[in-house]
1. With L93, L139, L117, L135 as the choices, which residue is part of a loop (DSSP other than H, G, I, E, B), under 13 Å from the mean Cα position of the chain (by Cα) and closer than 26 Å to D9 by Cβ?
2. Within region 68-83, is even one residue within 23 Å of I25 (Cβ to Cβ) and among the basic types (K, R)?
3. Mind checking which residues of region 37-55 are out of contact with any Lys or Arg (no Cβ under 9 Å at 6 or more places or on another chain), part of a strand (DSSP E or B) and away from the ligand (no atom under 16 Å from the Cβ)?
4. If only one of K45, K18, K7 is surrounded by 12 or more Cβ atoms within 10 Å (Cβ to Cβ) and modelled with pLDDT of 95 or more, which one is it?
5. Might you check whether a residue that is surrounded by fewer than 22 Cβ atoms within 10 Å (Cβ to Cβ), within 11 Å of the ligand (Cβ to nearest atom), assigned to a loop (DSSP other than H, G, I, E, B) and among the hydrophobic types (A, V, I, L, M, F, W, C) occurs anywhere in region 56-79?
6. Checking G82 against (1) surrounded by 15 or more Cβ atoms within 10 Å (Cβ to Cβ); (2) within 11 Å of the ligand (Cβ to nearest atom); (3) under 25 Å from E6 (Cβ atoms); (4) modelled with pLDDT under 95, only one condition comes out false. Which one?
7. Conditions first: (1) at pLDDT 95 or above; (2) surrounded by 13 or more Cβ atoms within 10 Å (Cβ to Cβ); (3) in a loop (DSSP other than H, G, I, E, B). L112 passes all but one, so which condition is the exception?
8. Restricted to region 122-156, and to residues that are in contact with a Cys (Cβ under 7 Å, 6 or more places away or on another chain) and at pLDDT below 95, which residue is surrounded by the most Cβ atoms within 10 Å (Cβ to Cβ)?
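The values are calculated or read from the model by the stated rules, or taken from the named source; none is laboratory data. Please read all numbers here as calculations on a predicted model, not as lab measurements. Note that we place each Cβ from the backbone using ideal geometry, even for glycine, and neighbour counts take in every protein chain shown.
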Amino acid sequence: MAIEIEKKDFTKLLAYKKHCDDNNIKPPIFGEQTHHGITATFKPKEKFTLIINRKGHIRHDEFTIVMRSNSNGTMFRYDICGAAHNGIPTPHLHIFDSMHNTGQNVIYGKKLISLGLLTSIKNNYDIHFILDTCLPNFLEYNNVSIDKVIIDDIIL
Ligand SMILES: [Zn+2]
(Lines give C-alpha, C1' and ligand atoms only; values in the text may rest on other atoms or scores of the structure.)
Protein backbone atom coordinates (compact mmCIF):
# COMPACT_ATOMS: atom_id res chain seq x y z
CA MET A 1 0.00 0.00 0.00
CA ALA A 2 1.21 3.45 -0.84
CA ILE A 3 1.33 6.14 1.80
CA GLU A 4 -0.05 9.57 0.98
CA ILE A 5 2.57 12.32 0.70
CA GLU A 6 1.60 15.80 1.87
CA LYS A 7 1.25 18.19 -1.07
CA LYS A 8 4.01 20.56 0.09
CA ASP A 9 6.49 17.69 0.60
CA PHE A 10 5.47 16.20 -2.73
CA THR A 11 6.02 19.50 -4.57
CA LYS A 12 9.46 19.88 -2.97
CA LEU A 13 10.50 16.31 -3.83
CA LEU A 14 9.32 16.66 -7.42
CA ALA A 15 11.10 20.00 -7.87
CA TYR A 16 14.57 18.71 -6.95
CA LYS A 17 16.83 18.56 -9.97
CA LYS A 18 17.91 14.92 -10.16
CA HIS A 19 20.26 12.59 -11.98
CA CYS A 20 20.56 8.84 -12.44
CA ASP A 21 23.29 7.18 -10.36
CA ASP A 22 24.10 4.99 -13.36
CA ASN A 23 23.40 6.63 -16.70
CA ASN A 24 23.17 3.28 -18.45
CA ILE A 25 19.65 1.99 -17.80
CA LYS A 26 19.04 -1.66 -18.59
CA PRO A 27 15.27 -2.22 -18.54
CA PRO A 28 13.88 -5.60 -17.47
CA ILE A 29 12.92 -8.40 -19.79
CA PHE A 30 9.26 -9.47 -19.63
CA GLY A 31 8.34 -10.93 -16.23
CA GLU A 32 11.04 -8.99 -14.42
CA GLN A 33 11.45 -5.69 -12.54
CA THR A 34 14.52 -3.47 -12.24
CA HIS A 35 15.49 -0.76 -9.73
CA HIS A 36 17.58 2.29 -10.66
CA GLY A 37 19.04 4.75 -8.15
CA ILE A 38 18.38 8.48 -8.59
CA THR A 39 19.86 11.33 -6.54
CA ALA A 40 18.88 14.96 -6.03
CA THR A 41 21.84 16.73 -7.65
CA PHE A 42 22.18 19.57 -5.12
CA LYS A 43 20.83 17.63 -2.14
CA PRO A 44 22.61 14.28 -2.43
CA LYS A 45 21.04 12.87 0.74
CA GLU A 46 17.67 12.87 -1.07
CA LYS A 47 17.56 9.54 -2.88
CA PHE A 48 14.95 8.20 -5.24
CA THR A 49 14.35 4.89 -6.98
CA LEU A 50 13.04 4.36 -10.48
CA ILE A 51 11.32 0.98 -10.74
CA ILE A 52 10.58 -0.47 -14.16
CA ASN A 53 8.06 -3.28 -13.90
CA ARG A 54 7.09 -5.77 -16.60
CA LYS A 55 5.57 -8.37 -14.28
CA GLY A 56 2.28 -8.64 -16.13
CA HIS A 57 -0.17 -11.13 -14.68
CA ILE A 58 -3.04 -10.61 -17.11
CA ARG A 59 -1.59 -8.79 -20.09
CA HIS A 60 1.75 -9.81 -21.51
CA ASP A 61 2.54 -6.28 -22.66
CA GLU A 62 2.21 -4.82 -19.17
CA PHE A 63 4.62 -1.97 -18.53
CA THR A 64 4.66 0.20 -15.43
CA ILE A 65 7.15 2.80 -14.23
CA VAL A 66 7.34 3.92 -10.59
CA MET A 67 9.16 6.90 -9.07
CA ARG A 68 9.74 6.46 -5.35
CA SER A 69 11.26 8.84 -2.84
CA ASN A 70 13.39 6.70 -0.53
CA SER A 71 12.43 8.97 2.40
CA ASN A 72 8.73 9.62 1.62
CA GLY A 73 7.51 6.66 -0.42
CA THR A 74 6.03 6.14 -3.87
CA MET A 75 5.32 9.40 -5.73
CA PHE A 76 4.11 8.21 -9.14
CA ARG A 77 3.05 4.99 -10.77
CA TYR A 78 2.74 5.37 -14.52
CA ASP A 79 0.80 2.45 -15.98
CA ILE A 80 1.57 2.64 -19.68
CA CYS A 81 0.19 -0.79 -20.63
CA GLY A 82 -1.81 -2.92 -18.25
CA ALA A 83 -5.01 -3.25 -16.31
CA ALA A 84 -7.69 -0.56 -16.27
CA HIS A 85 -8.18 1.36 -13.04
CA ASN A 86 -11.86 1.82 -12.11
CA GLY A 87 -12.69 1.53 -15.80
CA ILE A 88 -9.99 3.99 -16.90
CA PRO A 89 -7.73 2.22 -19.39
CA THR A 90 -3.98 2.65 -19.68
CA PRO A 91 -2.05 4.80 -20.13
CA HIS A 92 -2.79 6.52 -16.82
CA LEU A 93 -0.76 8.08 -14.03
CA HIS A 94 -1.27 7.50 -10.31
CA ILE A 95 -0.08 10.43 -8.16
CA PHE A 96 0.40 9.55 -4.50
CA ASP A 97 -0.14 12.97 -2.97
CA SER A 98 -2.95 14.41 -0.86
CA MET A 99 -4.52 16.03 -3.94
CA HIS A 100 -5.19 12.73 -5.74
CA ASN A 101 -6.61 10.53 -3.00
CA THR A 102 -3.38 8.53 -2.68
CA GLY A 103 -3.25 7.53 -6.30
CA GLN A 104 -6.94 6.65 -6.63
CA ASN A 105 -7.79 9.63 -8.86
CA VAL A 106 -5.70 8.86 -11.92
CA ILE A 107 -4.53 11.26 -14.62
CA TYR A 108 -5.35 10.08 -18.15
CA GLY A 109 -6.16 11.20 -21.68
CA LYS A 110 -5.29 14.77 -22.70
CA LYS A 111 -3.97 15.57 -19.22
CA LEU A 112 -1.06 13.19 -19.91
CA ILE A 113 -0.31 15.18 -23.05
CA SER A 114 -0.45 18.49 -21.17
CA LEU A 115 2.05 17.11 -18.62
CA GLY A 116 4.42 16.27 -21.48
CA LEU A 117 4.26 12.53 -20.87
CA LEU A 118 2.76 11.71 -24.28
CA THR A 119 1.98 13.40 -27.57
CA SER A 120 -0.96 11.15 -28.47
CA ILE A 121 -3.09 8.59 -26.67
CA LYS A 122 -3.24 5.01 -27.91
CA ASN A 123 -4.38 1.74 -26.43
CA ASN A 124 -1.13 -0.01 -27.06
CA TYR A 125 2.43 1.16 -27.17
CA ASP A 126 5.25 -0.66 -28.83
CA ILE A 127 8.07 -1.58 -26.41
CA HIS A 128 10.56 0.50 -28.41
CA PHE A 129 8.29 3.56 -28.22
CA ILE A 130 7.95 3.05 -24.47
CA LEU A 131 11.72 2.88 -23.99
CA ASP A 132 12.63 5.64 -26.46
CA THR A 133 9.84 8.11 -25.62
CA CYS A 134 7.64 7.25 -22.63
CA LEU A 135 10.46 6.47 -20.20
CA PRO A 136 12.58 9.57 -21.03
CA ASN A 137 9.44 11.77 -20.84
CA PHE A 138 8.65 10.34 -17.41
CA LEU A 139 12.20 11.01 -16.21
CA GLU A 140 12.05 14.60 -17.50
CA TYR A 141 8.67 15.10 -15.84
CA ASN A 142 10.39 14.04 -12.59
CA ASN A 143 13.19 16.56 -13.18
CA VAL A 144 15.71 13.80 -13.82
CA SER A 145 18.40 14.91 -16.28
CA ILE A 146 18.39 12.65 -19.34
CA ASP A 147 21.32 14.34 -21.10
CA LYS A 148 23.72 11.47 -20.47
CA VAL A 149 21.20 8.67 -19.99
CA ILE A 150 21.38 5.73 -22.35
CA ILE A 151 18.42 3.38 -22.22
CA ASP A 152 19.23 -0.05 -23.62
CA ASP A 153 16.68 -1.28 -26.09
CA ILE A 154 15.56 -4.79 -25.32
CA ILE A 155 14.28 -7.91 -26.94
CA LEU A 156 10.78 -8.85 -25.81
ZN1 LIG B 1 -3.20 1.91 -12.73
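1. Numbers: L93 fails: part of a loop (DSSP other than H, G, I, E, B); L139 fails: part of a loop (DSSP other than H, G, I, E, B); L135 fails: part of a loop (DSSP other than H, G, I, E, B).
Only one candidate qualifies: L117.
2. yes
3. Listed by number, the list holds a single entry, K47.
4. Values: K45 fails: surrounded by 12 or more Cβ atoms within 10 Å (Cβ to Cβ); K7 fails: modelled with pLDDT of 95 or more.
The match here is K18.
5. Checked region 56-79: no residue is surrounded by fewer than 22 Cβ atoms within 10 Å (Cβ to Cβ), within 11 Å of the ligand (Cβ to nearest atom), assigned to a loop (DSSP other than H, G, I, E, B) and among the hydrophobic types (A, V, I, L, M, F, W, C).
6. So G82 meets the others, but not (3).
7. Answer for L112: the failing condition is (3).
8. Step one: list which residues in region 122-156 are in contact with a Cys (Cβ under 7 Å, 6 or more places away or on another chain), which gives 124-125, 144, 149.
Then keep just the ones that are at pLDDT below 95; that gives 124-125.
Details: N124: 11, Y125: 19.
So, considering only residues that are in contact with a Cys (Cβ under 7 Å, 6 or more places away or on another chain) and at pLDDT below 95, the one surrounded by the most Cβ atoms within 10 Å (Cβ to Cβ) is Y125.
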